[in-house]
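Undergrad: I am attaching a structure below and will ask some questions about it afterwards.
The values are calculated or read from the model by the stated rules, or taken from the named source; none is laboratory data. Every value quoted in this text rests on a predicted model; they were computed, and no experiment measured them. Every residue, glycine as well, gets a Cβ built from its backbone with ideal geometry; the counts of neighbours run over all protein chains shown.
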Amino acid sequence: MSDPVQAVVLAAGRSTRMGRQKLLMPFGGEPILDRVLRTVTACGFEKTIAVVSRETEGLLSPVRGVIYLINPDPDRGQDSSFRRGLKALDDGSSFALFLGDKPLITASQIQDLKRRFLDSPKSALVPQRDGVPGHPGFYEPLWRERFLRPGAARATLFRYADDVQWTPGHESCFFDVDTPEDYRRLESNVQTYFGRTDS
């Protein structure tokens with residue numbers, strides 16, 4: 001398996017559990033989504049695609065090196081954003097899937113997972129804890145067609161579970177910001193995590 005790998009960041013959710021658009025909430029002096037995108041673009045991916053809602057796109061300050069795509073109907077769910085991003089990948093490219101609400105992931109953690117993926121005999125590498133997949137996951141090109149077939153992405157992942165190298169991952173692969181309680185936890189750790197993009 002060889003590089004390059006492209007990146008897709010899903011960031012079109014309505015944030016209904018938060019009560020306001022969580023991706024625009026501050027972390028370390030910048031919006032959560034901007035922090036995620038800056039971390040991803042620091043990792044040398046050949047292409048970085050962010051799928052956002054029209055509402056969110058109008059409030060963002062574009063991050064250099066990111067291609068922004070609009071999901072015109074985010075109420076259809078995360079899988080609709082995933083499909084939108086997959087279709088924008090170059091043919092024959094491996095790819096990594098990120099969620100825009102995981103701001104604690106660091107560049108060195110991403111690079112560690114990427115190295116493990118490139119060295120793996122399996123066609124995918126996905127963090128897993130207690131049977132639950134985390135992000136980012138890394139995939140060879142054949143997974144693009146698998147995910148674009150009818151059905152939920154999560155079900156597809158488990159359908160081909162034997163093709164996946166499941167890895168413990170880092171704690172940041174499993175922490176996302178969905179609720180006000182999650183955000184309070186994030187704020188309480190801002191001094192711990194701010195500036196640690198390479199740790």
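Undergrad: Filter region 59-86 for residues that are buried (at least 18 other Cβ atoms within 10 Å of the Cβ) and of a type in the set (Phe, Trp, Tyr) and give the result.
TA: Of everything in region 59-86, just one residue is buried (at least 18 other Cβ atoms within 10 Å of the Cβ) and of a type in the set (Phe, Trp, Tyr), namely Phe82.
Undergrad: Could you tell me whether any residue of region 68-85 is of a type in the set (Gly, Ala, Ser) and at pLDDT 95 or above?
TA: yes
Undergrad: What number of residues in region 100-113 are closer than 16 Å to Tyr183 by Cβ and at pLDDT 95 or above?
TA: 0
Undergrad: Please count how many residues of region 133-161 are in a loop (DSSP other than H, G, I, E, B) and either closer than 17 Å to Cys173 by Cβ or touching a residue at least 40 places away in the same chain (Cβ under 8 Å) (or both).
TA: Total satisfying the criteria: 6.
Undergrad: Is at least one residue of region 24-33 modelled with pLDDT of 80 or more, in contact with a Gly (Cβ under 9 Å, 6 or more places away or on another chain), part of a helix (DSSP H, G or I) and closer than 29 Å to Tyr139 by Cα?
TA: There is at least one residue in region 24-33 that is modelled with pLDDT of 80 or more, in contact with a Gly (Cβ under 9 Å, 6 or more places away or on another chain), part of a helix (DSSP H, G or I) and closer than 29 Å to Tyr139 by Cα.
Undergrad: Which number in (1) out of contact with any helix residue (DSSP H, G or I) (no Cβ under 6 Å at 6 or more places or on another chain); (2) over 27 Å from Ser53 (Cβ atoms); (3) touching a residue at least 40 places away in the same chain (Cβ under 8 Å) marks the one condition that Ser123 misses?
TA: (1)
Undergrad: Being out of contact with any Lys or Arg (no Cβ under 9 Å at 6 or more places or on another chain) and either surrounded by fewer than 14 Cβ atoms within 10 Å (Cβ to Cβ) or not in a helix (DSSP H, G or I) (or both) is true for just one of Leu118, Leu89, Leu125, Leu97. Which residue is that?
TA: After ruling out the rest, the residue left standing is Leu97.
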